[in-house]
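Written below as structure tokens is the structure these notes are about.
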């Protein structure tokens, strides 16, 4: 198991740790899914914040440890998911805050159009900001 780095550097069987940190203030999203991915490849997840958590630069989102081959196998996929979803969550929260500054009773609704296979991620990413994916169906329980 592992990727090219694991094989070229002979990392299989060695212990490794991974920690995802916030580079900027952000809204965490899809941490639970990333943690599940890490567990599926045999890593032990030591710390994971909940989706919707506001973080400052330097705060931990997720930390895990296990076989280095497993870390190299999953790190990019897990971090890309968290980066994408947290980016959507953060921008959505900014939009909702600006709209509510003008009209506290406003409902912010998102589109039902998402990239293929991304619907659940996109909906989850908009949910922490209390933006409704479809106005008539608001609120959607997750």
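Numerical summary
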{"quantity": "Sorted by Cβ neighbour density within 10 Å, fewest at the top, the residues 106, 31", "calculated": "106, 31"}
{"quantity": "Ranked 5, 53, criterion: other C-beta atoms within 10 Å, fewest first", "calculated": "5, 53"}
{"quantity": "Net length gained if the chain between residue 94 and residue 120 were fully extended (0.36 nm per residue, minus Cα distance)", "calculated": "7.3 nm"}
{"quantity": "Quarter of the Cα convex hull surface for region 4-134, i.e. its orientation-mean projected area (nm²)", "calculated": "8.8 nm²"}
{"quantity": "Ranking of 9, 4, 37, 54 by count of other Cβ atoms within 10 Å, fewest first", "calculated": "4, 9, 54, 37"}
{"quantity": "Length added when fully stretched, residue 39-residue 80, from 0.36 nm per residue minus Cα-Cα", "calculated": "13.1 nm"}
{"quantity": "Separation of the residue 113 and residue 60 label points, Cα + 7 Å toward Cβ, nm", "calculated": "4.2 nm"}
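Bear in mind that the values in this text are calculations on the coordinates, not laboratory data. Since this is a predicted model, take the numbers as computed values, not measurements. Every residue, glycine among them, receives a Cβ derived from its backbone with ideal geometry; neighbour counts consider all protein chains shown.
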